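First comes the structure, then the notes that go with it.
Read the figures in this text as sums done on the coordinates, not as results from a lab. Owing to the predicted nature of the structure, the values given are computational and were not obtained by experimental measurement. Neighbour counts run over all protein chains shown; Cβ positions are idealised from the backbone, glycine included.
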Amino acid sequence: MVDRDAVVHLLRRATFGPTAAEVDAAERAGLAGTLDRLLAPVGADPGAAATPAPDLGADPYAGIGKDSSREQRQQAQKQRAEQARGLVDWWLDRMVAAEHQLTEKLVFFWHGHWATSVRKVRSAQLMLGQLDTFRRYGRGPFEELVRAMVRDPALILWLDGQKNSRTAPNENLARELMELFTLGIGHYTEAHVKAGARALTGWQVDRRTGKARFVRRRHDPAEKTILGRTEAFDADSYARLLAARPESAAFVAARLWARFAGTDVPPPEPLSGANGGTIEVLRAVLTAPSFAQTRGGLVKQPVEWAVGAMRQLGIRPGKLPDQQRRELVNRLAGMDQVPLRPPSVGGWPAGPAWLTTSSLQSRMRLAALLANAAPAELTRRLAAAPRDDRPAALARLLVVDRWTPRTRAALTPLADDPRRLLVAGLVSPEYTVC
Amino acid sequence: MDILTRRRFLLASGVAGAGALAAGATAYGLSDLFDTAGDRDPQARTLVLVTLYGGNDGLNTVVPYADPAYQDARPELAYSADEVKRLDDRVGLNPALGGLHRLFGDGRLAIVRGVGYPTPDRSHFRSMDIWQTARPDRPEQTGWLGRWLDGVGGDPRLAVSFEPTLPPLLAGARSAGAAVPVTERKARRPVGDQTLAKLAVAEPGEPAGQARAAACFADLRAVDAMITEVRDAAAADEADDGGTDERPAATATGGARSALAAQLDLVAECVEAGVSSRVFSVSLGGFDTHADEKQLQAILLGQLDKALTAFVDRMAGTEAGRKVVVAVYSEFGRRVRANASDGTDHGTASDVFLLGAGVRGGLHGEPPDLTRLDDGDLRFTTDFRDVYASLLERVLDTDPEQVLAGWRGRLDAVLT
C-alpha cells in the first residue's frame, strides 16, 4: 500500500490532477515505470494531437498604419482581444486533454517563471510563440532556454526591450532577467544591471512579422563588465554567462522544488547538481527521499485545481458552451489566475496566498459550474454507490486519500444529491491541497 | 480621547492572541471570539492604506519645479512652473492632482518628503516586500499590518482588502486579513451555509494549507455577516451606479484590477456603517513607467486624485468618516534622470501622502537634494518606519515597537 501512496502523490504533483483510471494504471506500472513515463513519454500524445494550437494568422494589428482609420484600429484591437481569449481557452483545453501531463505542466511552470502577460504584449501570436519556446527548450539545458528567451518577442515587448538601445538603455529586461529568471536576487549589483541592459541592446520586435531581429546600429558593441567578466557582451553571450552561473542552476532548481514539492520541506542538497537539463532536475525533485514528506503541503494553484477537476469529471473546456467557457475564465480571474495573464513579471504567488475569502467565493461558483457540466454518467455512477459509500466514491473520483471527519460530516448530508456532493468535494480543504 | 479606553480592546485581544493559538492554527475560532468586538469604540480611528504598485515617480508627483537640477535631469519629462499646481515657490503638484491641491490648500493633505529606507532595493518585488513587511534588513514572512492583526487577536474582519489576492502586508504569522471582492457583491451561494459551517471546522494535525483552506470558510462566514450588515445599513440610499469598473491597463508589476474608486466606495460604506474593521487596504497599479511616462502617469494620478478626493470629501461628512486616516505610498520613486524612452527607471525615495483625522496639512520632512545623489538616485530623508510607527500609534492605538521590531522613530509633527 505504501507504493500506492507514493504513486498517487507523484501523480498529483506531476499532472494537473490524475483521474482514478490513471491512478489504477500507474499502480500497475509501478513507481519507477510511472516516473519514466511522466518524464520521458514515448510516442506522440493523442490528447495534444486532438487539441492543436489555433491557427492565428497574422497579428490583426500588423496591417494598421498611419493612414488607418479609428474604426480600423478599433476593429483590429477587438480581433486581437478575441484571439487572446481564444488562446487562453485553447490552452486550458490542452491542459485537460494532454496525456503527456508533465510535459504540459512544465510548460505552465515555465510560463509562471518567465511570467509574461498578454495584457501588455497584446498579441496571441507572440504569446503562442513563447509557449512553443517553452515546449522546445523547456526540458533541456537551461542555457538553451535562456538564449532563446532573450530573443523571445513577447518577453522583449513585455519588459521594454523594444526601447532598449545604445543611446537609450532601458534596464527593465536585464534586471528581471537576473533577478527573477536566472540568478535570483542578491547575486548581482546595480552595475551589472546597467551593463546587462547594454548587452541586450539591439533586439527589436517587428510587429508585422512577429519576429525579433537584431538591429546593429541600436546595439552597444563596447566592452561590458558583468559578474566579473569583461567582454563585448551581446544578448547571446550575456545569456550564456547567466545560465552558466551556479546561482542560476540553484535558483531554477529551487523554483522547481517549490512548485512541484513545496516550500515546507527544504530541497535536498545538491538538487541543482543534476546536469543535462530541466527534466533531470525534475527527476531529482520527484525522486528525492524528502519528496514523500511533502504530501498535502502544496496549495493547488487555481489553474491546477480547475484543470485537475475537469480531468477527473470528464469535462473538456473546449466543448463547453461559449457562456460557460467565459464563466470558467471569469471564475479563474476571480481566483486571480488566468493563463497568459500573470499579475506581474514576478509570476503567481504560492501557498496560503491563494486561500482568501474572495477566492473561495469564486472557487465555489466554479465548482458549481463544473458539477453541472459533469456528464450524467458520472453522477449516475456516484449515485449508484450505497448512500453511505458515496463520500468514499467521491474521494476515489477526486483522488483524495481520505476525508477528515470534518469534511465527511459536511458531505454525508449531501449524499442524496450527487451534484451538490461534487461541489462540496471540490471546495473541500482536502481537495484544496495536494 | 481616553487612550486607555481605546487600548482596552487591544489589550484584551493581545492576551487571547498569545494564548489561544497553537502552531498552524488559523483565524478560525477567533472570529467567533471577536464577533463581540463589532460594537467598536466610537473613538477608534480607521486606517485606509493606498498602495500604488509599480513605483510611482515621486519627482513628477510632487514636483520641485524651481530646482534647476530637476529641469536638467529630465528635460523632456519635467513639468514647468506654469504647469504644476503650486504648493509654494519651490514645489508643486502634478497637473493631474487638482483635487489634492485643493485639499492641500485647505490644510488637509500632509506630504512627507523623501521617504525611503537604507540601502534601497530597486527590485519591485523586493522593495514592495520591504514596504509591506517593514523589514528592510532581512526577508520576512509577515506583513506589518498582519503582525498588528496577530497582536489584536486575528479576526480577519479587522483588516480588509478589496483585492482578490491578499496583499502580503495583511498576512500575519497566525492570522490574515480578509480579501473581499469588489464585484459580485450579492450572489447566491452554490454551497449552503450549513456546509460552509461544517467545512470551517479545524482538524487537528492537518497540513497548514488545508487548515488555512478550512479557516477560509470561517472567515467567509464572518465577512458575510459583516457585509450583510453593511448592505442593510446602506440599502436605503444605495443607488446602483452600474459598477464602473474602469480597469487600468496591463502592467508588469501588479496592483488591483478594480478601479480604486470602486474599492474606496466600499470602504466608505463600511466605515459609515460602523463595521469593526480598523484597516482597509486598497490599491492602484500601473506606475511602472519605464517608457512614455508623462502621459501614462498623468492618467493614473488623475484616477488617484479623483478617487481620493471623492473619498476624503465623503468621509468628512460623517462622524465615523472623520475618524479615518488615509496613507498613500509606492514601493519606490524613480531615477532622477530620465531614460531615453521618455520614462524613468527604478529609483529610491519618494513622497507619502497622509489625509484625514488628525493630519496636519503641509509639507513635512526634508526634500532630498537633487544635487547630492547616490548613484543617480535620491537619498532618503525620512525612514518609512517612522510613518508606520506613527500610524500604528496614533491611528491603531498599538505600540509600534512590537510590530516594527523595536523601531523607535516617529513622525510627531504630522499626526496628532
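General remarks:
- By the Kirkwood approach, averaging reciprocal distances over each pair of separate Cα atoms, the stretch A:54-244 gets a hydrodynamic radius of 17.6 Å.
- Once the mean of 1/r is taken over each pair of separate Cα atoms and inverted, chain A shows a Kirkwood hydrodynamic radius of 23.1 Å.
- Simple rule: put +1 on each Lys or Arg Cβ and -1 on each Asp or Glu Cβ in the protein assembly as shown, find the dipole, and look at A:281, A:384, B:297; the Cα lying farthest toward the positive end is A:384.
- Computed over the Cα atoms of the stretch A:1-65, pair by distinct pair, the Kirkwood hydrodynamic radius stands at 14.4 angstrom.
- Note on the stretch A:302-432: dipole from Cβ charges, positive end direction compared against A:323, A:432, A:351; the farthest Cα belongs to A:323.
- Check: chain A dipole with +1 on Lys, Arg Cβ and -1 on Asp, Glu Cβ, in debye: 1080 debye
- Derived scalar couplings ³J(HN,Hα) [the stretch A:403-420; Karplus, 6.51 cos²θ - 1.76 cosθ + 1.60; whole Hz; x for Gly, Pro]: 7, 6, x, 3, 6, 4, 5, 6, 7, 3, x, 9, 4, 7, 10, x, 6, 5
- Built amide H within the under 5 Å cut-off of residue B:335, gap 5+: B:345, B:346, B:347
- Sites residue B:273 and residue A:240, calculated FRET efficiency, Cβ-Cβ separation with R0 41 Å, nearest 0.05: 0.10
- Taking the charge dipole of chain A about its Cα centre, with +1 at Lys and Arg Cβ atoms and -1 at Asp and Glu Cβ atoms, the residue from A:145, A:244, A:19 reaching farthest to the positive side is A:145.
- Point-to-point label distance, residue B:369-residue A:20, nm (Cα→Cβ direction, 7 Å offset): 7.5 nm
- Counted by Cβ distance under 12 Å from residue A:314, the other residues give a net charge of +3, where Lys and Arg count +1 and Asp and Glu count -1.
- Taking a sphere under 10 Å around the Cβ of residue A:366 and counting the other residues whose Cβ falls inside, with K and R at +1 and D and E at -1, yields a net charge of +2.
- As a rough footprinting exposure proxy, the listed residues A:114, A:90 were ranked by other beta carbons within 10 Å of their own, and the order from fewest upward is A:90, A:114.
- Tail fraction, Cα-Cα pairs, the protein assembly as shown, threshold 39 Å, whole percent: 40 percent
- Listed residue pairs exceeding 30 Å between alpha carbons, taken from A:66/A:194; A:194/A:300; A:120/B:306: A:66/A:194; A:194/A:300
- Cut-off under 5 Å, modelled amide H: who pairs with residue A:220 long-range: A:166, A:201
- This model, with +1 at the C-beta of Lys and Arg and -1 at the C-beta of Asp and Glu, gives the protein assembly as shown a dipole about its Cα centre of some 1660 debye.
- For the stretch A:328-338, Karplus couplings with θ = phi - 60° (6.51, -1.76, 1.60), whole Hz, Gly/Pro x: 3, 5, 4, 5, 4, 5, x, 8, 6, 9, 10
- In chain A, helical runs assigned H by DSSP with n ≥ 4 each contribute -39500 (n - 2.57); averaged across all residues and rounded to the nearest 500, the mean residue ellipticity at 222 nm is -17000 deg cm²/dmol.
- Rounded to the nearest 20 debye, the dipole size of the stretch A:294-407 about its Cα centre is 160 debye, using +1 on the Cβ of Lys and Arg and -1 on the Cβ of Asp and Glu.
- Ranked A:171, A:223, B:140, criterion: other C-beta atoms within 10 Å, fewest first: A:223, B:140, A:171
- Geometric extent, Cα atoms of the stretch A:302-432 - Rg, Dmax (angstrom): 15.0, 50
- Mean separation of Cα contacts under 8 Å, 6 or more apart, over the residue count of the stretch A:1-52: relative contact order %: 35 percent
- Karplus-derived 3J(HN,Hα) values for the stretch B:381-388, using 6.51 cos²θ - 1.76 cosθ + 1.60 with θ = phi - 60°, are 10, 10, 6, 4, 6, 4, 5, 4 Hz; glycine and proline are entered as x.
- Residue order, fewest to most beta carbons within 10 Å, for A:427, B:191: B:191, A:427
- Interchain or long-range residues, amide H under 5 Å from residue B:398's placed H: B:393
- If you plug the beta carbon distance of residue A:280 and residue B:319 into 1/(1 + (r/R0)^6) with R0 = 56 Å, you get a FRET efficiency near 0.25.
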